[in-house]
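Here the structure is laid out as C-alpha cells; the discussion comes afterwards.
The values are calculated or read from the model by the stated rules, or taken from the named source; none is laboratory data. This is a predicted model, so every value here is computed, not measured. In this analysis, Cβ positions are derived from the backbone assuming ideal geometry, glycine residues included, and neighbour counts consider all displayed protein chains. These accessible areas exclude ligands, DNA and RNA; they are computed on the full protein's heavy atoms, side chains included. Shrake-Rupley method; radii C 1.70, N 1.55, O 1.52, S 1.80 Å.
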Amino acid sequence: MTRTKQTCKKSTGGSAKRITVDYAPLLDFDTSTGVDLNSELTIMMEETVSDEETGGDEVEETVSDEETGGDEVEETDQMDQMVACEAQSGHNEWCIVCRDGSAGSEFLYLCDLCPRTMCSRCVNIPVAHADAVNCDDVKFTCISCHLAAQDPRAEETHTAYFGFYKNNLPVLPTFLPIRSALEISLQSQISSMPVVLIHLRLVDFETSGGPFNLMYRFLSPYFPHRGIASHEIVFDVGSKSKSNRYQVQVRELVHDLMAQRHWPRIVFAISNHTDDDLRDPFLGYERKSGKTKSYVGGRVDSFLDIILTPWQPLIKSAKDSYLWFLSCGTLVNNEESFSALQTAVLHHHITATICFNAIRFQPNFAAPLLLAFAELVMTEYLPIREVFPDMLMQSYKLGRHTDVFLLMTNAGPALDITRFAWTHCKERPWGHHLPLQCPQCGWANSWRSANYKKTYSFECMNSKCRKGYFFSPPKNSVILSHARKSGSCWIAVGVKVNLLG
C-alpha cells in the first residue's frame, strides 16, 4: 500500500464565492447633517457578535510590544530630551561609517550639509584640537558629502578630508583620519525616520514567523526613540456590519497613531488568499447558520476600498507609502483583476506596490526581498525604484518561484509597472518555466538545449518524441547585470498600464 500523510499548507489560493459588500466609508462627522457619528460607532463596537454573523471568529487586533517598537520604557527626563533632540536636529541616529550609535563619552557629529552623522570613534581628532572642533562657528562635513563633491575622473577635484571647517578653511592642521571603511553607498543614510508597519491578515490565515514580522525584528534596533510601530489587524469584512466594525477598529488605531507623532512612512502587507477561478481576494467568512464556515471574496478594487480607506489619513500625511500584496498570482495573471489592482493603487495614493504571479505563492519565500527592502529603502533611505534590482540580488530562489511586479505611482497621477523575472539558461529560459516532464511522452528532465542569437531551444531526448520549445527574450526587456549569477540573472520588463474604464 502506498503510504500517505497530511501536514499543512503554506501557499495562498483557494476558492471563495464572489459577493458584493454594501460598503460605505464611515466618517467621524457628517457635515451635511451635523450629526456626530462617534456615539453610534461606539455602540456598534460594543455589540455582541454572534457565531452566526462572524463565522465563529471576531475581528481582532494583535496587541504586543511591537506597537511601541519594543519593550515598554518609562517616561524619563532623559528620554524626553533624546526625543526632543531627534526632532530638532533631523539627523540620523547612527554613524554613516560604522553604522552604530553613541553613548557615554562617545557622541555623533552632525553634518551641516546632510542628515548624516559620524561618531567620535570613527574620526581620530587630535587631543590638542578637541576643543577647537567644538566651537560654535565650526561646521562639520561628513565623509559622504566630501566624496560626493569629487569627480572620480578628475584628479583636480580630489582633496584631503579635514571634516571640520571654519569660514570654509580647515580647522585641523592635517587631514582627519577615519578609523573604519565606508560599507554602504555614498547615497545611503542610516535613517531612523519614523515608520509604521501595518499587517492586514485574513481571519484564520496563519502567518506566524512570516516575512513581515521578520522585517519588523530587523528594523527595530534602528529606532532607539520608539520611532517604529507595528500592528497586525485580522480582518473579516464579508458583510456590511463586519466592514463597519473593521472601519471603527482601524479609525481608532489611526487616531491613536496620529496622536503619537507624524509618520512619514507607512508600510502595508496584506496576507490573503485569492480565488483560483475568479481571482478575487478573500473578504472573510460568509454569514451562515450553525457552525459551517466558508470564505467569500470580492473584486480587488472593492476589497481594497474596504481595507485601505480607513487608513487614508495616515497614507495622505505620509511622504511614502508601500503595499506588499502577499497573495497568489491569479490576481496579477488575470487582466481584469490586475487592471482593478492598478486602478485601486492610484485611487488610494500608494507610492509603491509589490505583488507576485506564482499560482500557489508562498509568502515565506519573499523574506530575503523584504529584508533587502528593510535595509535599502527603510534604513539606508534609498528610492525603491532605483534599488529594486539590488533588492533582487539575494532573491534568486524567490525568482525560481515567481515573478515580481513593482507598481510605482508618479505625479499626475500616473502609474509605471515593471515585471522582474529571474532567468536561467536551463531552468527558467528568459523567465519561462521549462516543464520538468515532457508533456508528450512523459520523460522527466530529458531536455537537450541549444542557444542561437539569444534564443534558447529545447528538445526532448526521446527519439520517438522530439517535443520542442523555443524561448526568446521578452520585448523591451533589460538584463540587470549587477544581479547576475553563473548562468542566471534577473531581467526587467516594462508592463503596459491598463486601468479600469
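For the reader, a short list of remarks on this structure follows.
- Rounded if a/c under 1.5, otherwise prolate or oblate - the range 150-225, Cα gyration tensor axes: prolate
- Of the peptides 238-247, 472-481, the order by per-residue mean of other Cβ atoms within 10 Å, starting with the highest, comes out as 238-247, 472-481.
- Förster radius 56 Å - calculated FRET efficiency between ALA24 and ALA148, Cβ distance, rounded to 0.05: 0.65
- Extension gain, ASP256 to TRP443: 0.36 nm times the residue separation minus the Cα-Cα distance gives 61.2 nm.
- The range 187-273: projected area of the alpha-carbon convex hull, averaged over directions, in nm²: 6.9
- Taking only the Cα atoms of the range 311-411, the ratio Rg/Rh comes out at 0.96, with Rh defined as the Kirkwood radius.
- Which listed pairs, of LYS242/LYS496; LYS316/LYS475; LYS453/LYS496, have C-alpha distances above 31 Å, in listed order: LYS242/LYS496; LYS316/LYS475
- Selected from MET215, PRO194, SER230, residue furthest toward positive end of dipole (the range 127-258; charges at beta carbon): SER230
- Alpha-carbon centroid distance for the pair the range 340-377 / the range 415-447, whole angstrom: 23
- Placing pseudo-labels 7 Å out from each Cα toward the beta carbon at SER486 and GLN312 gives an inter-label distance of 5.5 nm.
- Put a plus charge on the Cβ of each Lys and Arg, a minus charge on the Cβ of each Asp and Glu, and nothing anywhere else: the dipole of the range 330-406 about its Cα centre is then about 240 debye.
- Residues in the range 341-377 reached by a label modelled at ALA414 [backbone nitrogen below 19 Å; 7 Å Cα→Cβ]: 342-353
- The listed peptides 161-170, 403-412, ordered by packing as a protection proxy, come out as 403-412, 161-170 (highest mean of other Cβ atoms within 10 Å first).
- The range 409-481 shape via C-alpha gyration tensor axes, a/c threshold 1.5: prolate
- Computed E for GLU336/LEU186 - FRET, C-beta separation, R0 60 angstrom, nearest 0.05: 0.85
- Relative to its Kirkwood radius, the Cα radius of gyration of the range 227-382 gives an Rg/Rh of 0.97.
- Net dipole in debye of the range 198-290 [+1 Lys, Arg Cβ; -1 Asp, Glu Cβ; about Cα centre; nearest 20]: 480
- Longest to shortest principal axis, alpha-carbon extents of the range 265-317, angstrom: 43, 25, 17
- Dipole axis of the range 237-373 (+1 Lys, Arg; -1 Asp, Glu on Cβ), positive-most option in GLY298, VAL248, VAL345: VAL248
- Fully extending the segment from MET461 to HIS158 would add 103.0 nm, taking 0.36 nm per residue of separation and subtracting the current Cα-Cα distance.
- Accessible heavy-atom area order of GLU252, GLU335, highest first, probe of 1.4 Å: GLU335, GLU252
- As a length-normalised measure over Cα pairs under 8 Å and 6 or more apart, the relative contact order of the range 356-501 settles at 20 percent.
- One Cα centroid belongs to the range 227-290, the other to the range 120-157; the line between them spans 49 Å.
- Accessible area (Å², 1.4 Å probe, nearest 10) - HIS432: 80
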